[in-house]
Amino acid sequence: MITSAQLKALIEALSATVAAHAAELTDLDSAIGDGDHGANMKRGFDAVAGEADAISAKPEAEALKAIGTKLVMTVGGASGPLYGTLFLTLGKELTVSPDDYPAALRRAVDAVAARGKSAYGQKTMLDVLYPVAEAVEANKSKAEIVAVAHDAVAATRDRKAIRGRASFLGDRSIGHIDPGARSSALLVEAVAGVL
Amino acid sequence: MITSAQLKALIEALSATVAAHAAELTDLDSAIGDGDHGANMKRGFDAVAGEADAISAKPEAEALKAIGTKLVMTVGGASGPLYGTLFLTLGKELTVSPDDYPAALRRAVDAVAARGKSAYGQKTMLDVLYPVAEAVEANKSKAEIVAVAHDAVAATRDRKAIRGRASFLGDRSIGHIDPGARSSALLVEAVAGVL
Amino acid sequence: MSNVGIVIVSHSPLVAEGAADMVRQMVGDDVPLAWCGGNPDGGLGTSVEAIIAAIDRAWSENGVAILVDLGGAETNSEMAVEMLDPARAGKVVVCNAPVVEGAVMAATEASGGASLAEVQATAEELSPA
Amino acid sequence: MSNVGIVIVSHSPLVAEGAADMVRQMVGDDVPLAWCGGNPDGGLGTSVEAIIAAIDRAWSENGVAILVDLGGAETNSEMAVEMLDPARAGKVVVCNAPVVEGAVMAATEASGGASLAEVQATAEELSPA
Ligand SMILES: Nc1ncnc2c1ncn2[C@@H]1O[C@H](COP(=O)(O)OP(=O)(O)O)[C@@H](O)[C@H]1O
Ligand SMILES: Nc1ncnc2c1ncn2[C@@H]1O[C@H](COP(=O)(O)OP(=O)(O)O)[C@@H](O)[C@H]1O
Ligand SMILES: [Mg+2]
Ligand SMILES: [Mg+2]
Ligand SMILES: [Mg+2]
Ligand SMILES: [Mg+2]
């Protein structure tokens, strides 16, 4: 069970890494999208951070749902309902089976795929989230999980985008890292730094 | 050959009948379209009337082309390029075969159909223009031609629209007169009153 | 009003408002109609909160058809529908159709008293399978 | 600039401007782009004169793809193309595609240096046959 203090530190770490990398995320999105992924993520996690006290006072599962709802309501791009669904589903699953983090994460990533009508390998955030879920299930160390996430980001470079705006570019999306994959790895790294 | 005085009277008669019936045309278009046919036609024929002197000073064929160009440039709805094409083609055909009005009219109506990717029987202005072209070819009297036009307007009521905005209504377009058919009959009647 | 309602969701508030003008020109006030566009800061994007509010404004007991433009507008609209009261959510569909042309066609169909399924099918005829 | 140009023609100036904003967000200044909307009085409709002027602003020697919304916008655009200098007219196509989605997809394709035929085909994939 994650404590209230950990929740607060988590929210701060997530919003800090998003803010620190907003320009990078925007640049990645400018290359193969509409150049707003940094601003979208920052809007969302700033809003979450703005309610850090109220959210972290809630029980773990409720806090995760509150983060998800906030992201859904504030991000404004495709990544909003996707990351929102990730946190909302984590909260729902942990309500049903408290402490079974690997199963909750797996279900949450499946829910993101359902929300996006997408799958692993299409050059999206799922290309990071699925390997991370697997590493968590395999009980890998935090350092290993973070390494898996960053490797998974790098692996999006050679893929052709099949979902999201980058898919409009067809073959020209090859050679670029997916912005949502990168933000996923940043979030994973922030979580690993706190828990 | 139509004289300059006749051309001027013709322009005045056309713009007068359109102005007098603008509200009616708009009402017809409100029922099965976007309610702008009266305003569109008035904008177009007012613009033509505003250059009545200059246009009627031109030789017949050139005058007809000038009317067509003016309509194309000012009507602002689908009827603009369609009536524009009618007058432009009349002018072109009369340049090639002066005085062969029946052939020029037939070719002009065919050009309207090509412009609209449409055909007789689809509840459009063509449902009037084709019967009129036929009546002219059959050398009917002016009164007969006008009667053909008005009968053709009435016949659009029971048809289902296949082209133009009214086609969006599907079966619900049945039971209404087509606004472009009505305006065609008004133009035919005005021409018959002058020539 | 018992006709199916129409909601227009675009990344651009200008597109959404202009499409609504085109719809009004075809159907007048016969169809409940609402639009939204722009992310929560007003930039290009969409807002789940604004979509929920638009569904509310265009509410009809016979259902509401949502027309969206690109990816994020669709995902955010689907999210918005799921966040509705379940009794309402079952009466709202996100159409797989172009936003402007779909809105005009869907609204024209709705103005004749068509069902939600008919309105959706009319809009979706405009889209490749 | 050698990329194919994009012209957006809507009955509504708001739709045309908003769609152009969405295009610019995807492709920046890599694609010649122009829009027009409204009849010659500014009401909903289209203007051949404005379309010709927009083609001029978005001119590229590699061609111009026009995206239109409904009937009159298409007919007026086809008329506008025919009124161009014949050498230019052969390099302009009116796409059978939804105006907003088609403009974004066509411009994205054009920004990669695609030919006019490729740009048109990309936009038209969005339309049922
Ligand atoms: N259908 C989808 N499934 C999974 N991930 C997606 C999908 N669509 C977009 N994404 C992710 O979202 C990222 C883009 O987010 P963002 O730029 O905030 O939204 P938008 O594309 O609406 O501008 C992409 O890089 C990709 O990782
Ligand atoms: N494709 C077409 N072929 C022939 N006539 C058409 C076509 N489309 C529309 N029309 C005619 O134009 C009339 C509508 O003109 P108008 O209201 O001025 O234009 P819009 O439909 O663009 O508002 C219709 O009543 C019909 O007679
Ligand atoms: Mg983006
Ligand atoms: Mg975006
Ligand atoms: Mg009309
Ligand atoms: Mg009109």
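The values are calculated or read from the model by the stated rules, or taken from the named source; none is laboratory data. Keep in mind that what you see is a predicted model, and the values were worked out from it rather than measured. Note that each Cβ is placed from the backbone with ideal geometry, even for glycine, and that neighbours are counted across all protein chains shown.
Values for this structure:
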item	result
Test for B:Ser184: is it among the polar types (S, T, N, Q), part of a helix (DSSP H, G or I) and either touching a Cys at 6+ places or on another chain (Cβ under 9 Å) or within 16 Å of ligand 6 (Cβ to nearest atom) (or both)	no
Any chance A:Leu71 is in contact (Cβ under 8 Å) with a residue 24 or more places away in the chain, crowded, with 24+ Cβ neighbours inside 10 Å and within 12 Å of another protein chain (Cβ to nearest Cβ)	yes
Qualifying positions in the stretch C:28-41 - more than 14 Å from chain A (Cβ to nearest Cβ) and surrounded by fewer than 20 Cβ atoms within 10 Å (Cβ to Cβ)	C:Gly28, C:Asp29, C:Asp30
One residue from B:Ala119, B:Ala133, B:Ala143 being closer than 14 Å to B:Leu82 by Cβ and hydrophobic (A, V, I, L, M, F, W, C)	B:Ala119
Tally, over the stretch B:125-161, of residues that are surrounded by 15 or more Cβ atoms within 10 Å (Cβ to Cβ) and assigned to a loop (DSSP other than H, G, I, E, B)	6
Complete set of residues in the stretch B:1-42 that are out of contact with any Phe, Trp or Tyr (no Cβ under 9 Å at 6 or more places or on another chain) and within 21 Å of B:Gly91 (Cβ to Cβ)	B:Met1, B:Ile2, B:Thr3, B:Ser4, B:Ala5, B:Gln6, B:Leu7, B:Lys8, B:Ala9, B:Leu10, B:Glu12, B:Ala13
So C:Ser12, is it touching an Asp or Glu at 6+ places or on another chain (Cβ under 8 Å) and modelled with pLDDT under 95	no
Where A:Leu64 falls short, out of the listed (1) away from every other protein chain (no Cβ under 14 Å); (2) within 16 Å of ligand 3 (Cβ to nearest atom); (3) aliphatic (A, V, I, L, M)	(2)
Members of the stretch A:88-111 that are buried (at least 23 other Cβ atoms within 10 Å of the Cβ) and under 25 Å from C:Val9 (Cα atoms)	A:Leu88
Single condition A:Leu86 does not satisfy, out of (1) hydrophobic (A, V, I, L, M, F, W, C); (2) over 11 Å from the mean Cα position of the chain (by Cα); (3) within 14 Å of ligand 1 (Cβ to nearest atom)	(2)
The stretch D:74-107 - residue that is more than 11 Å from chain C (Cβ to nearest Cβ) and in contact with a Leu (Cβ under 8 Å, 6 or more places away or on another chain) and, of those, farthest from D:Ser10 (Cα to Cα)	D:Lys91
Inter-residue pairs, beta-carbon under 8 Å, first without any contact (Cβ under 8 Å) to a residue 40 or more places away in the chain and in the stretch A:123-143, second assigned to a loop (DSSP other than H, G, I, E, B) and away from ligand 3 (no atom under 16 Å from the Cβ), 6+ apart	A:Leu126/A:Ala119; A:Leu126/A:Tyr120; A:Tyr130/A:Tyr120
Qualifying residue in the stretch A:164-180 (condition: assigned to a loop (DSSP other than H, G, I, E, B), within 16 Å of ligand 4 (Cβ to nearest atom) and of a type in the set (S, T, N, Q))	no
Top-ranked residue of the stretch C:49-73 - restricted to ones that are over 13 Å from the mean Cα position of the chain (by Cα) and away from ligand 3 (no atom under 15 Å from the Cβ), ranked as farthest from the other protein chains (Cβ to nearest Cβ)	C:Glu61
The stretch D:8-27: number of residues that are over 15 Å from D:Thr75 (Cα atoms) and either within 12 Å of chain B (Cβ to nearest Cβ) or more than 16 Å from ligand 3 (Cβ to nearest atom) (or both)	9
Close pairs from the stretch D:10-32: first within 13 Å of ligand 4 (Cβ to nearest atom), partner in a loop (DSSP other than H, G, I, E, B), Cβ under 6 Å, at least 6 apart	D:Asp21/C:Ser12; D:Met22/C:His11; D:Met22/C:Ser12; D:Gln25/A:Asp34; D:Gln25/C:Leu44; D:Met26/A:Asp34
Unmet requirement for A:Gln122, which otherwise passes all of (1) surrounded by fewer than 19 Cβ atoms within 10 Å (Cβ to Cβ); (2) part of a loop (DSSP other than H, G, I, E, B)	(1)
Among (1) assigned to a helix (DSSP H, G or I); (2) farther than 13 Å from B:Ser184 by Cβ, the one test that B:Leu86 misses	(2)
Number of the condition not met by A:Leu64 [criteria: (1) within 16 Å of ligand 4 (Cβ to nearest atom); (2) within 14 Å of the chain's Cα centre (by Cα); (3) touching a residue at least 24 places away in the same chain (Cβ under 8 Å); (4) surrounded by 24 or more Cβ atoms within 10 Å (Cβ to Cβ)]	(1)
